[in-house]
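The values are calculated or read from the model by the stated rules, or taken from the named source; none is laboratory data. This one's a predicted model, so the numbers in the text were calculated from it and none came from an experiment. Cβ atoms come from the backbone with ideal geometry, glycine included; neighbour counts cover every protein chain shown.
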Amino acid sequence: MSYELDAIYHVYNRCNELMFYKKENYIYFLQKIRKHVLPYADILSYCLMPNHFHILLCANDKGIEIKSGGISMQMLSFNIGVMLSSYSQAINRQENRKGSLFAHSTKSIMLNMKGNDYLLNCFMYIHQNPLLAGIVERIEDWEYSSYPDYIGKRNGSLVNLKYGLDVLNIERDDIEFITNQLLIDKTDEGFL
């Protein structure tokens, strides 16, 4: 995938089975995001589900640089690949399994061209995943998402809250109201 500067992307993938078997796996994947993605992009939101993940991000200058040394690949794209490959290897060792962890190639959809409403709906959809899947009764109860950061329940450092709110053109105090008003229909496959 080729990333453009200042463009916002919805990055996601689904696993053949489980992606996260225990709490430590979620934490390890978040560490991988911090190490491999955060230096190359602003993360606007994320949600880790038992069998898939979503990341909403915007590439920075370092992310669109081309890696040299015989490999012609942007740093963000390259590092997302490294992150997913190393995570897959760790899960394969942990679970004594072989083969591909992910069902498909990782998707990275540019959202800027679709308008702010589409971006806001995608942002809400990402955070609503645990509720729509029936894992939690309240969105804020899922700890493996950036939603608790946005509503002030947690003070995480992975997402760029200020940039996210600016791009979405919403106030932090309005997040809970907007999220509850824009509940996405479970049958909507527009974001997967």
In the stretch 148-179, residue modelled with the lowest pLDDT [restricted to those that are surrounded by 13 or more Cβ atoms within 10 Å (Cβ to Cβ) and polar (S, T, N, Q)]: Thr179
Qualifying residues in the stretch 92-147 (those that are of a type in the set (Ser, Thr, Tyr) and within 20 Å of Leu168 (Cβ to Cβ)) - the one surrounded by the fewest Cβ atoms within 10 Å (Cβ to Cβ): Tyr118
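Test Cys47 against the stated conditions and say whether it is of a type in the set (A, V, I, L, M, F, W, C), closer than 22 Å to Lys162 by Cα and within 16 Å of the chain's Cα centre (by Cα).
yes
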Meets criteria (acidic (Asp, Glu), modelled with pLDDT of 95 or more and either more than 27 Å from Gln94 (Cβ to Cβ) or touching a Gly at 6+ places or on another chain (Cβ under 6 Å) (or both)) for Asp42: yes
Where Tyr28 falls short, out of the listed (1) within 24 Å of Asn121 (Cβ to Cβ); (2) surrounded by 14 or more Cβ atoms within 10 Å (Cβ to Cβ): (1)
